[in-house]
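Just below is one structure, and these are the notes that go with it.
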């Protein structure tokens with residue numbers, strides 16, 4: 001959304017950086033680079049070499065290593081940094097949530113009795129489920145899971161959000177799901193599974209957001225654009 005809004009700003013030279021973990025990322029309207037920088041120091045060097053005037057960290061709320069590298073790079077390079085963070089979801093009446101600190105704790109929370117689990121996580125975070133092969137796992141990911149989990153019962157589907165409540169309710173019903181494991185990503189694109197679990201009376205094991213280093217932060221694209229305009233105007237006034 002942010003990159004799409006910036007694409008219409010002819011006066012700006014915008015680069016969108018992707019982590020490179022998705023084989024076929026969604027098309028973008030601005031130039032894209034893919035892959036890491038080599039930590040905070042590598043990002044700082046990139047910012048200096050490209051004469052970057054402002055850095056907006058709009059990565060996933062759970063990509064805390066990337067966010068921490070952005071903070072370190074901004075401090076080293078002196079480039080203004082803003083974090084664009086979707087506010088987390090908040091449990092409402094009817095939600096049956098239990099919060100855990102990570103995937104390993106989520107697996108333990110499933111217990112020993114076999115259950116039918118909808119694991120709405122990234123494909124690179126699934127390995128701990130091998131510790132509990134008694135459960136059935138429904139895995140939805142953008143890219144295929146290869147190799148598959150070493151468990152006897154698993155089903156795999158690929159898809160890119162947004163996913164609506166009706167779609168996810170039908171999916172969970174078809175696979176007879178009785179518990180969901182999900183990140184608290186915030187936003188509308190993946191909230192369907194949370195609403196569907198509520199409607200079906202299913203428990204949701206929610207992974208808490210990891211902590212990140214403090215930086216200026218906003219919750220909306222409009223606020224990010226306002227910050228960018230203010231920052232660029234202030235930089236130009238100082239003759240930087």
Suppose we filter segment 154-171 for residues that are part of a loop (DSSP other than H, G, I, E, B), in contact (Cβ under 8 Å) with a residue 24 or more places away in the chain and more than 16 Å from residue 181 (Cα to Cα); how many remain? 4
Candidates 194, 205 - the one that is at pLDDT 95 or above, assigned to a strand (DSSP E or B), under 19 Å from the mean Cα position of the chain (by Cα) and under 20 Å from residue 140 (Cα atoms): 205
Kindly provide the set of residues from segment 63-114 that are in contact with a helix residue (DSSP H, G or I) (Cβ under 8 Å, 6 or more places away or on another chain), assigned by TED's automatic domain parsing to the domain that holds residue 174 and without any contact (Cβ under 8 Å) to a residue 60 or more places away in the chain, ordered by number. 104, 107
Please pick out the residue among 151, 117 that is in a strand (DSSP E or B) and in the same structural domain as residue 174 (by TED's automatic domain parsing). 117
Does residue 139 satisfy the condition of being over 25 Å from residue 69 (Cβ atoms), within 18 Å of the chain's Cα centre (by Cα), free of Cβ contacts under 8 Å to residues at least 40 places away in the same chain and assigned to a strand (DSSP E or B)? yes
So residue 217 passes all but one of these: (1) assigned by TED's automatic domain parsing to the domain that holds residue 66; (2) farther than 30 Å from residue 74 by Cα. Which condition number does it fail? (2)
Which residue out of 215, 224 is closer than 19 Å to residue 53 by Cβ, part of a helix (DSSP H, G or I) and in contact (Cβ under 8 Å) with a residue 40 or more places away in the chain? 224
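The values are calculated or read from the model by the stated rules, or taken from the named source; none is laboratory data. It should be emphasised that the depicted structure is a prediction, and the values quoted were computed from it without experimental measurement. Note that each Cβ is placed from the backbone with ideal geometry, even for glycine, and that neighbours are counted across all protein chains shown.
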